[in-house]
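Colleague: Take a look at this one; I'll ask things after.
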Amino acid sequence: MAELEALDALALENAYLGRVVLYVEAEADAEVFRRILGPDMADRFEVQIPPKATGWETVKNRVAYERHGNQKIFGLLDGEAAAAITGWDPLVCCDDQLFTCDDHQGLIFLAGHEIENLLMLHGGFCEVVADDVRLLDINLRTPLDIRTLLVRKAQRFFISAVIKYAVLTMQNQGRAISLPTLGRFKSKETTVSVIRAMRAEIEAQGVPWADVSAEIHAVIDRLRVKFNAEAASSTAKSDHLIRLADGKGLIDGVRAEVNTNARWEGHLARNLTRPAYADQFRELIIDATAA
């Protein structure tokens, strides 16, 4: 009962706040988005975390709870959550930095798998990593070297993400299936070996691998259609793989080969606050929320 009263008190406070409330999953996400929105948007937006936040479902439920009485309540979720809530198609086909779905009012989704994907695509990742060296090693790697490594790693962690998208979509359809141990993609095992392990885990649940494989191929085929429709360049195709890959796995995969002690995220997050990404993000959020 005390917890319900606390929730009601927060909902009441938000109702009289006079600003759009953006619920996100974690404090780290909240701080990044506060910085991207910037101090000039403080009179329009309040970025919050639901009480006892435990993931995207907490945000989704919190938004549904509060929007009954306050249409200024929104949730800002990543692409991984979108795959679970809306299926993978809106995420794969997204042409902008954010998207919404008519069936899920109040929810706004990032066009990337998670916030790490934004850091790699829009935070000057290759330059930051190449420059993160001692003066003695200043010519050790170029941004092009890092880009080559990033794209190569993205191919592996894209497969990890697509398996997750397939399983989440099947769960959304009511299938009894659990995610396999996708963390194995961070190991030194070959990609083929890891996929074989994923197959064994899924089949041990009594789910035919053919059903999961069909969903995986549907995602890849839909992405190919998008590439063809856009006459996408090789760079654009690689950017889509980076956008849709398991972001945390991908950034850690690059870190494992460059510098296991590197801490790039703070620099990358700062770069997200600069034009043109931040300007575009603010415009899209304002449009989506009518702030």
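Where a number appears in this text, it was derived from the coordinates with a stated rule and is not lab data. Since we're looking at a predicted model, the values are computed, not measured. For neighbour counting, all protein chains shown are included, and Cβ atoms are generated from backbone atoms with ideal geometry for every residue, glycine included.
Colleague: Rg/Rh for segment 1-132: what does it come to with C-alpha atoms and Rh from Kirkwood?
Modeller: Reported Rg/Rh, Kirkwood definition of Rh: 1.00.
Colleague: Within 10 Å of each residue's Cβ, count the other Cβ atoms and sort Met120, Met198, Met41 from fewest upward. Numbers along the way, then the final one.
Modeller: Numbers: Met120 25, Met198 22, Met41 18.
Ascending Cβ contact count within 10 Å gives the list Met41, Met198, Met120.
Colleague: To the nearest 20 Debye, how big is the dipole of segment 117-264 about its Cα centre, given +1 on the beta carbon of each Lys and Arg and -1 on that of each Asp and Glu? Mind showing how you got there, number by number?
Modeller: Working: 21 positive and 16 negative charges, 22 e Å.
About 100 debye.
Colleague: Now for a separate question. Can you list residues whose amide H is under 5 Å from Gly75's amide H, if they're 5+ apart or on another chain and H is modeled 1.01 Å from N?
Modeller: Those lying under 5 Å, H to H, from Gly75 are Tyr23, Leu107, Ile108.
Colleague: Next question, about the same structure. Apply the Karplus curve 6.51 cos²θ - 1.76 cosθ + 1.60, θ = phi - 60°, to the phi angles in segment 274-285 and return the couplings in whole Hz, x for Gly and Pro.
Modeller: For segment 274-285, the Karplus curve yields 8, x, 8, 4, 4, 4, 5, 4, 4, 4, 5, 5 Hz.
Colleague: Label 7 Å along Cα→Cβ of Leu17; segment 70-111 residues with amide nitrogen under 19 Å?
Modeller: Output list for this probe position: 70-78, 105-110.
Colleague: Antiparallel versus total DSSP beta bridges in the chain: what percent is that, nearest 5?
Modeller: For the chain, the DSSP antiparallel bridge percentage is about 25.
Colleague: What's the ranking of 127-137, 59-69, 77-87 by average number of surrounding C-beta atoms within 10 Å, highest first? Show your work: numbers first, answer last.
Modeller: Numbers: 127-137: 14.0, 59-69: 18.3, 77-87: 23.5.
Going from most to least packed, we get 77-87, 59-69, 127-137.
Colleague: Just grab the label-to-label distance for Asp287 and Ala64, each label 7 Å out from Cα along the Cβ direction, in nm (one decimal).
Modeller: In this crude label model, Asp287 to Ala64 measures out at 2.8 nm.
Colleague: Which value, in debye to the nearest 20, describes the size of the charge dipole of the chain about its Cα centre when Lys and Arg Cβ atoms bear +1, Asp and Glu Cβ atoms bear -1, and nothing else is charged? The partial results should precede the final answer.
Modeller: On the way: 33 positive and 42 negative charges, 183 e Å.
About 880 debye.
Colleague: If I build a Gaussian network model for the chain, linking alpha-carbon pairs within less than 10 angstrom, which residue out of Ile216, Ile163, Ile138 has the largest mean-square fluctuation?
Modeller: Looking only at Ile216, Ile163, Ile138, the largest GNM fluctuation is found for Ile138.
Colleague: Find the relative contact order for the chain and round it to a whole percent, using C-alpha pairs within less than 8 Å whose residues are 6+ positions apart.
Modeller: That works out to 24 percent.
Colleague: Related question: Taking the chain as a Gaussian network, where each spring joins two C-alpha atoms under 10 Å apart, which residue of Arg152, Arg19, Arg196 fluctuates the most?
Modeller: With Cα springs under 10 Å in the chain, the top fluctuation among Arg152, Arg19, Arg196 is at Arg196.
Colleague: Cross-link candidates for Lys186: which aspartates and glutamates have Cα within less than 14 Å, leaving aside residues fewer than 8 places away along the same chain?
Modeller: Counting by Cα, and skipping residues close in sequence, Lys186 has these aspartates and glutamates nearby: Asp246, Asp252, Glu257.
Colleague: Between rounded, prolate and oblate, where does the chain land on the alpha carbon gyration tensor, with a ≥ b ≥ c its root eigenvalues, rounded for a/c under 1.5, else prolate if a/b exceeds b/c?
Modeller: Since a/c reaches 1.5 but b/c is at least a/b, the shape of the chain is classed as oblate.
Colleague: Taking 7 Å along the Cα-to-C-beta vector as the label spot, tell me the Glu203-Asn261 distance in nanometres, rounded to one decimal.
Modeller: 4.5
Colleague: Can you tell which of Leu182, Leu144, Leu91 shows the greatest fluctuation in a Gaussian network model of the chain with Cα springs below 10 Å?
Modeller: For the chain, modelled as a Gaussian network with Cα springs under 10 Å, the answer is Leu144.
Colleague: Which lysines does Lys60 reach when only Cα atoms under 18 Å apart count, and residues fewer than 8 places away in its own chain are ignored?
Modeller: Cα-Cα hits under 18 Å: Lys52, Lys72.
Colleague: Continuing with the same structure: Multiplying the sequence separation of Ala232 and Gln171 by 0.36 nm and subtracting their Cα-Cα distance, what value in nm do you get? Present the calculation step by step, with values, prior to reporting the outcome.
Modeller: On the way: separation 61, 0.36 × 61 = 21.96 nm, distance 3.16 nm.
Result for the pair: 18.8 nm of gain on full extension.
Colleague: Step through the residues of segment 72-79 one at a time and calculate ³J(HN,Hα) from phi using the Karplus curve (6.51 cos²θ - 1.76 cosθ + 1.60, θ = phi - 60°), rounding each to whole Hz and writing x for Gly and Pro.
Modeller: Karplus-based 3J(HN,Hα) across segment 72-79 equals 8, 9, 9, x, 10, 10, 8, x Hz.
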